[in-house]
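Remarks on the structure that follows.
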Amino acid sequence: MSVSNKNYGYIGLVTVGLGFHCFVTSFRVSKARYSCLTTEYLETQYPEENAKHIKEFGCPISKGAHPDNGLGRLSDKLDFISWVKLQNAQRAHGNYLETITFATGSLLVGGLYFPRFCATVGAIHIVGRELYASGYVNGGAKGRTTGFLIVMSSLMTLLGAAVTGSIKHTGLLK
């Protein structure tokens, strides 16, 4: 199978970049998680749970407190700032996951009709996502504003391109 428009290759590159960036954004969650849910924290704050874990699985609860995602029982005793930092990282990545299907679908469909334009908007979207995530992690909810505006603008632009191209393709619009 081949794509007749060679410019669609840009869509492929940006789509892969979008998925890769979402994956890399999860590393911020890992950094926050492993910095506060340490082995020392788990041993001192949860000795009974640790003993039960050893009995059941043959080893203590590991650093990072898996499977606790930072909202469960093993994060209850975190200091407030550590907990907020973990939640900010979780929320930034969670928001990315909530919209990646919509962004990717709009990019792929819109790119069929307007490949270079949609590739550019998709690249801008990735920049917006980076600003959103780094702003959220480093500045809390207020820090995400610039990234949020770029993300929403790029999503709506990609949606518009996908809908416009699809409607034109049907012949309903000339």
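Put a dot 7 Å past the Cα of S82, heading toward its Cβ, do the same for L149, and the two dots end up 3.7 nm apart. 3J(HN,Hα) along region 109-115, derived from phi through the Karplus expression 6.51 cos²θ - 1.76 cosθ + 1.60 where θ = phi - 60°, amounts to 6, x, x, 5, 9, 9, x Hz, with x in place of Gly and Pro. For the chain, with all protein chains in place and a probe radius of 1.4 Å, 64% of the accessible heavy-atom surface sits on carbon or sulfur. Distance distribution note for the chain: the fraction of Cα pairs above 19 angstrom is 63%.
Taking all Cα pairs closer than 8 Å and separated by 6 or more residues, the relative contact order of the chain comes to 25 percent. Working value for region 1-103: equivalent-ellipsoid semi-axes of 39, 15, 10 Å, each the square root of 5 times a Cα gyration tensor eigenvalue, largest first. For the chain, compute the number of Lys pairs whose alpha carbons are separated by less than 26 Å, excluding pairs fewer than 8 positions apart on the same chain. Close lysine pairs found across the chain: 15. Quick check: the distance between the Cα centres of region 112-174 and region 44-107, to the nearest angstrom? Result: 29 Å between the Cα centres. Highest mobility in the GNM of the chain, judged by mean-square fluctuation with C-alpha springs under 10 Å and restricted to S106, S154, S35, is found for S35. Note on the chain: helix-only mean residue ellipticity at 222 nm, from DSSP H runs of 4+ residues weighted -39500 (n - 2.57) and normalised by residue number, equals -26500 deg cm²/dmol. For the chain, the per residue solvent-accessible surface stands at 59 Å², with DNA, RNA and ligands left out and a 1.4 Å probe.
The values are calculated or read from the model by the stated rules, or taken from the named source; none is laboratory data. The shown structure was predicted, so the numbers you read here are calculated from the model rather than taken from an experiment. Note that we place each Cβ from the backbone using ideal geometry, even for glycine, and neighbour counts take in every protein chain shown. Accessible surface areas use protein heavy atoms only, side chains included; no ligands, DNA or RNA. Shrake-Rupley method; radii C 1.70, N 1.55, O 1.52, S 1.80 Å.
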